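One structure below.
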Amino acid sequence: MPAAIGLVEVEGVAGIIVAADAAIKTAEIKLLGWESTGGFTTVFFEGSTSDVNAGLASGHKAVESLAIPITSSSITQPDPSCLLFTTFVGLGSSKVYQAALGIVETQGYASHVYTNDEMVKTAGVSIFNVLTVHNRVVCSMIQGEVGAVKEAVARAELCLSNYPHLKRTVVLPQPRDEVLDLFAPSKLGAVDV
């Protein structure tokens, strides 16, 4: 069992993706997985106590820029049963993605079909995954060159400018491969949690 595990919880999905990317870029941690309940998601990672605390600090700071409530904590010397219920674990792939990641999160699914189509038609991006969590939260993830991802996300913001349920958009210019593995698509299409 690791010396410590860190947990970051937010409403929606975008925040834990941002937190995981910031944490793994700051400290020697391993992403363990994520879980969802009631429209809130939690990402789990492990490492030494100091690395977990450094990862939590940078993840927390990165999520603060999204202006959403965040809870984070560390558990030192965790009991093995603590991680038995982490449903979504990384693929463990050695794939190298080498692309920026764009995230568009709303409450409600219908807008994503239209918005995803607009993003793909506007810029040289591809749909990486669509995650749905409880409380009708839907998170579309796109990939491509940084400029194309920024253009596509701007198009999504324009398309959704009159939509009252746009929650947030994010562009990660260089997400770590481990983060993309953790949120990679299943073979069944959109992941419903």
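Values quoted throughout were computed directly from the atomic coordinates according to the rules given, and no laboratory measurement underlies them. Values in this document were obtained by computation on a predicted structure and should not be read as measured data. A quick note on method: Cβ atoms are made from the backbone with ideal geometry, for glycine too, and the neighbour counts reach across all protein chains shown.
Rounded, prolate or oblate: pick one for segment 2-47, where a ≥ b ≥ c are the square roots of the eigenvalues of its C-alpha gyration tensor, a/c under 1.5 means rounded, and failing that, prolate if a/b is larger than b/c, else oblate. Please list the in-between numbers first.
Values: a/c = 3.03, a/b = 1.60, b/c = 1.90.
It comes out oblate by the Cα gyration axes.
Would you kindly state the longest site-free stretch of the chain, with sites defined as GluC sites (Glu not before Pro) in a DSSP loop (not H, G, I, E, B) surrounded by at most 15 other Cβ atoms within 10 Å?
The longest uninterrupted stretch comes out as 29-144.
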Net charge contributed by nearby residues that have their C-beta within less than 12 Å of S48 (K/R +1, D/E -1): -2
Computed helical MRE - 222 nm, the chain, DSSP H runs ≥ 4 contributing -39500 (n - 2.57), nearest 500: -10000 deg cm²/dmol
Length-normalised contact order for segment 100-192 - Cα pairs under 8 Å, 6+ apart - percent: 41
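Based on DSSP loop calls and a cut-off of at most 11 other Cβ atoms within 10 Å, the longest stretch of the chain free of exposed trypsin sites (Lys or Arg not before Pro) is what?
The reported range is 1-94.
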Three semi-axes of the equivalent ellipsoid, segment 100-192, Cα gyration tensor, whole Å, largest first: 18, 17, 11
Over the chain: Kirkwood hydrodynamic radius from C-alpha pairwise inverse distances, Å: 16.6
Residue order, fewest to most beta carbons within 10 Å, for S48, S140, S65, S81: S81, S65, S48, S140
Packing-based exposure ordering (other Cβ within 10 Å, fewest first) of T49, T42: T49, T42
